[in-house]
Amino acid sequence: MTTALTPGYGPGYALSDTRVMIARGLRRSVRDPEAFITALALPVILMLMFVYVFGGAFNAGVGAAGGYANYVVPGLIVLCAGFGAGTTAVAVATDMSSGIVDRFRSMPIASASVLAGHIVASLVRNLLATALVIAVGLAVGWRPVAGPLAWAGALAMIVAFILAMSWLAACFGLVVGSPEAATGATFALMFIPYLSSAFVPASTMAAGLRPIAANQPFTPVIETMRGLWMGHTSTGAAVGHEAWLAAVYCAAILVAAASAASWLFRHRTAGR
């Protein structure tokens, strides 16, 4: 007979449990070579495809000085974060359906550490993918003009966005009944960036799509990074305005998703 996961028995023990769960999540990523290689190769493939295959046509629409690479890097970072979120949802759903949570419940483990391990492992994976996007972007002609403070701001925006998407993905993983369903549930996160200013300005889209692309949460995140790195946005709005919008969106998603995921985890484990 198992007992409920310990809700808390001291910050020192909780931190230790979280470190163990983070290490477990990272080892799990390495031991799944197909998913790990895909997560690392996808940014490279997308960068080369958009710059060399579609870049000639898209560049005419975006008017980006220095070429299309200078426009597209922030959008690809957001797109890859959506893909990484799907991986997190699958990992959470696998834990919930494989019986490993029942094993955890037989040990004095802080309940928060289980989800925290998944979220931090997701952050590490996505930051590695982001580093690859930046490296490949520099190789194909991306030339940011940002100083150290702007780079720090862009990195903070990336971390906030990844954390928000990872917690949202954890909710999907807790709601669905299987890893396969989790993949389908997060499918939309990979395609929402296409309906934003990630690859072309919203002003170039069909009239019915422009308001959607201009006012959805992904656009201010992308424009904040673009403005910090390149000194201007594609919307014409000030970088500070886009940054405030992006911060509000990320904070709202993060708080709502983290609260929902924590409640769902307690609810699902309490009845086991």
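Bear in mind that the values in this text are calculations on the coordinates, not laboratory data. Not measured: the values here are computed from a predicted model. In this analysis, Cβ positions are derived from the backbone assuming ideal geometry, glycine residues included, and neighbour counts consider all displayed protein chains.
Rank the residues CYS80, CYS250 as a footprinting-exposure proxy: fewest other Cβ atoms within 10 Å of their Cβ go first. Write down the numbers at each step before the final one.
Numbers: CYS80 25, CYS250 22.
With the sparsest Cβ surroundings first, the list reads CYS250, CYS80.
Tell me which of THR233, LEU163, TRP263 sits at the most positive position along the dipole axis of region 11-270, charges placed on C-beta atoms (Lys, Arg +1; Asp, Glu -1).
Result: TRP263, furthest along the dipole toward the positive end.
Which residue fluctuates most in the GNM of the chain (Cα springs below 10 Å): THR219, THR87, THR38?
Of THR219, THR87, THR38, the Gaussian network model singles out THR38 as fluctuating most.
When 1/r is averaged over all different Cα pairs and the result inverted, which Kirkwood radius in Å belongs to the chain? Mind showing how you got there, number by number?
Values: mean 1/r = 0.0515 Å⁻¹.
After inverting the pairwise mean of 1/r, the radius is 19.4 Å.
I need to check one value: relative contact order of the chain, counting alpha carbon pairs closer than 8 Å and at least 6 residues apart, in percent.
Values: 382 pairs, mean separation 72.0, N = 272.
Value for the chain: 26 percent.
Apply the Karplus curve 6.51 cos²θ - 1.76 cosθ + 1.60, θ = phi - 60°, to the phi angles in region 164-172 and return the couplings in whole Hz, x for Gly and Pro.
Working through the residues one at a time gives 4, 5, 5, 5, 5, 5, 4, 4, 4 Hz.
So what J values fall out for region 214-223 if you push phi through Karplus, 6.51 cos²θ - 1.76 cosθ + 1.60 with θ = phi - 60°, rounded to Hz, Gly and Pro as x?
Per-residue couplings from phi come out as 6, 10, 8, x, 5, 4, x, 5, 5, 5 Hz.
Local charge sum around TYR71 (other residues, Cβ-Cβ under 14 Å, Lys/Arg +1, Asp/Glu -1)? Kindly include the intermediate steps, with their values, before the conclusion.
Values: positive: ARG143, ARG226; negative: GLU223.
Combined, the nearby Lys, Arg, Asp and Glu give +1.
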